[in-house]
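The values are calculated or read from the model by the stated rules, or taken from the named source; none is laboratory data. Computed from a predicted model, the values in this text were never measured in an experiment. Because the Cβ atoms are built from the backbone with ideal geometry, glycine has one as well, and the counts that use them run over all protein chains shown.
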Amino acid sequence: MKIFKRILLLLAVFVTVIVIYNYPKLNILAGYSAKSTATSVFLGERSLAFTDKTDNNFSPVHLATDAIDTITKSATASVFGLLTRKAIIREGLGSVLTLSKADENSPYLTPKRTISKNKAMPYPLGDAPQKDTIFTNVDYEKLNTTVSSIFGKRKSRAVVVLYKDQIIAEKYSEGFHKDSKILGWSMTKSILSTVFGVLEHQQKIQIQDKAPVASWQNDVRKEITIHNLLQMNSGLEWDENYDEISDATKMLFLERDMTKMQALKPLIGKPNESWYYSSGTTNLLSGILRDQFDTHQEYLDFWYTDLIDKIGMHSMTLEADLAGNYVASSYAWATARDWGKFGLLYLHNGTWNGEQLFTKDWVDYVTTPTPTSEGIYGAQFWLNADGGFKDVPKNMYYADGYKGQRVYVLPDQDLVIVRFGLSWLEENAFLKGILEAIK
């Protein structure tokens, strides 16, 4: 009997140690699942069952048990009953993970939205059906075969191909359609970059200026410019790892103000000589943007009034942290068609329906390879300057999100290609197939 009790005691101690050791991981795991569930159900308008089956079904997130409350528009995720996280919906700001009970009823500001006067026009200037256009140089059979090839087991959710401003191919997986809002993940970084481009065109900011971060002014970090941050070439320390507890996961699932974490990091390289991908840098830039405005309301509104709603991306919702800052590293939702409008804005060098939002100089800027990135990164956009996609023009560039969310811009071919999915794909073959369908 004594031996049995000792075994039980040892077992209890073992379980306790395991729980304590893994508790931080459970916190992040449950946080991911709760936030994913809340936004998918209440913003994406998908069911809890669908979300659990498709978005939250990968290891180790599938270990969480999710529940929703349709009255409070919230979601909870529990891991083995040991830890529960909660995400709430805030009007106009998407979902956010709470860190305390008080967060559930804290006041917040909401961005003001305006509906474009062109909304009734045919797509892409508006949202009405586009005019029927048949291009004699397009092999539609080959095009549709290429598009269909990345659905099914490859887990694509949406593809929209735009040629000369016209949709020439469009396909959705079961449960999705042209009005479905989908998370762009890190494509949001390209939205942030564009806001800087709009501000610079309006002569309200100079990206070559030193980054206005107060805590850097008495040390070597004071030499870091906004330009260095936009190119992710600041030399600041950052751990961008999603397979374990890292700077990135702690920021996204444990921080109240996500704009601060990168600013606290030391310099471990040299500005303009140390390219390293960092979501923390993008959120620091979101904080720098906030400081360009007299009020927080103006900061919230500007992204929409001068960019997003200006080009009719009315389905888009930028999600914010608990402090009310847009999480520019990761959280923008919109339809595939609206993401297509974003690509077209760049295809037309910043001009939308006759109005210049930014100049071609800005397009040239974001597509200039960052030093030490080996030709794969610009200013919050990814590039093909290294010829990584060997059958695709080297001047193709794209917004890039987790698990293969993409907006590709091919200026010489007058093409924008949007793809959403749950897994990466063989991009070169996909893009090659589309290019070969256009003679």
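Things worth noting here:
- Filtered residues of segment 57-66 (kept if within 16 Å of Ser47 (Cα to Cα) and crowded, with 19+ Cβ neighbours inside 10 Å): Asp66
- Counting the residues of segment 36-53 that are part of a helix (DSSP H, G or I) and either among the basic types (Lys, Arg) or modelled with pLDDT under 95 (or both) gives 1.
- Filter pass, Thr335 being closer than 17 Å to Arg113 by Cβ, surrounded by 20 or more Cβ atoms within 10 Å (Cβ to Cβ), among the polar types (S, T, N, Q) and in contact (Cβ under 8 Å) with a residue 12 or more places away in the chain: yes
- Whichever residue in segment 353-382 is crowded, with 22+ Cβ neighbours inside 10 Å and in contact with a Pro (Cβ under 8 Å, 6 or more places away or on another chain) and, among such residues, is farthest from Ile207 (Cα to Cα): Tyr377
- Hits in segment 198-220 - residues which are assigned to a helix (DSSP H, G or I) and crowded, with 17+ Cβ neighbours inside 10 Å: Val198, Leu199, Glu200, His201, Trp216
- Checking segment 67-75 against the condition returns a match, with at least one residue being within 23 Å of the chain's Cα centre (by Cα), part of a loop (DSSP other than H, G, I, E, B) and surrounded by 16 or more Cβ atoms within 10 Å (Cβ to Cβ).
- Filter pass, Leu267 being in contact with a helix residue (DSSP H, G or I) (Cβ under 7 Å, 6 or more places away or on another chain), crowded, with 21+ Cβ neighbours inside 10 Å and not acidic (Asp, Glu): no
- Screening segment 353-377 for residues that are touching a residue at least 60 places away in the same chain (Cβ under 8 Å) and in contact with a helix residue (DSSP H, G or I) (Cβ under 8 Å, 6 or more places away or on another chain) and picking the one that is nearest to Gly92 (Cα to Cα) gives Leu357.
- Residues (free of Cβ contacts under 8 Å to residues at least 60 places away in the same chain and part of a loop (DSSP other than H, G, I, E, B)) located in segment 278-294: Ser278, Phe293, Asp294
- Check on Glu141, in a strand (DSSP E or B), under 20 Å from Ile434 (Cα atoms) and either acidic (Asp, Glu) or outside the structural domain of Trp303 (by TED's automatic domain parsing) (or both): no
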